[in-house]
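Following: one structure in structure tokens, then a few remarks.
The values are calculated or read from the model by the stated rules, or taken from the named source; none is laboratory data. These numbers come from a predicted model, not from an experiment. Cβ coordinates were reconstructed from backbone atoms using ideal geometry, including for glycine residues, and neighbour counts include every protein chain displayed. All accessible areas refer to the heavy atoms of the entire protein, side chains included, with ligands and DNA or RNA removed. Shrake-Rupley method; radii C 1.70, N 1.55, O 1.52, S 1.80 Å.
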Amino acid sequence: MQLTASIGRVARHSGVRFAIVGGASLVVDAGSLYVFHGLLGVWLPAATTLAYAVAFVVNFGMNRLWAFGSSSTMGRQLWRYLALVLVNLGVTVWLVQSLTDLGLPYLVAKVVTAVGLAIANYGISRKWIFV
């Protein structure tokens, strides 16, 4: 019974939920890319963009409603979330290239960058976006 209570307590933590939402968003992104490009034959750059957009909606919605349980004004949250996504893109492009220039393999650089941004994004989401 103690273990069940501990698991339940951990599962209610917004950080755990944030990580689950991130994993689900990755699955949605990759799955959508497969459907758009692999099954429907959509041009890869367009399919990648569409898949990213689908994952964006899932990620924002699940974080807003489930991970952080926010009931604040959605419009303000959406604009802040969009700003964070744009900053993440710039940081990702810059940091992956910089780490690669320092000798890291590009996939390792990508994973290191993604993990670092996920940690930062949790704090930003919790304190600035979904408040």
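For this structure, a couple of remarks:
- Taking Cα centre as origin and charging only the Cβ of basic (Lys, Arg, +1) and acidic (Asp, Glu, -1) residues, the dipole magnitude of the range 29-131 rounds to 400 debye.
- A 1.4 Å probe run over the range 1-107, with the rest of the protein chains in place, finds 66 Å² accessible per residue.
- Rounded to the nearest 10 degrees, the inclination of helix 106-124 to the longest alpha-carbon principal axis of the chain is 30 degrees.
- Relative contact order (%) - the chain, alpha-carbon pairs under 8 angstrom, separation at least six: 23 percent
- Dividing the summed helix terms, -39500 (n - 2.57) for each DSSP H run of n ≥ 4, by the number of residues in the chain produces a 222 nm estimate of -25000 deg cm²/dmol to the nearest 500.
- Relative to the longest principal axis of the Cα atoms of the chain, helix 14-33 runs at roughly 30 degrees.
- Computing FRET efficiency as 1/(1 + (r/R0)^6) for Trp94 and Ala30, where r is the C-beta to C-beta distance and R0 is 30 Å, gives about 0.80.
- The range 76-131 versus the range 37-55: alpha-carbon centroid distance in Å: 22 Å
- Extension reserve of the Met74-Arg9 stretch, reckoned as 0.36 nm per residue once the Cα distance is removed: 20.7 nm
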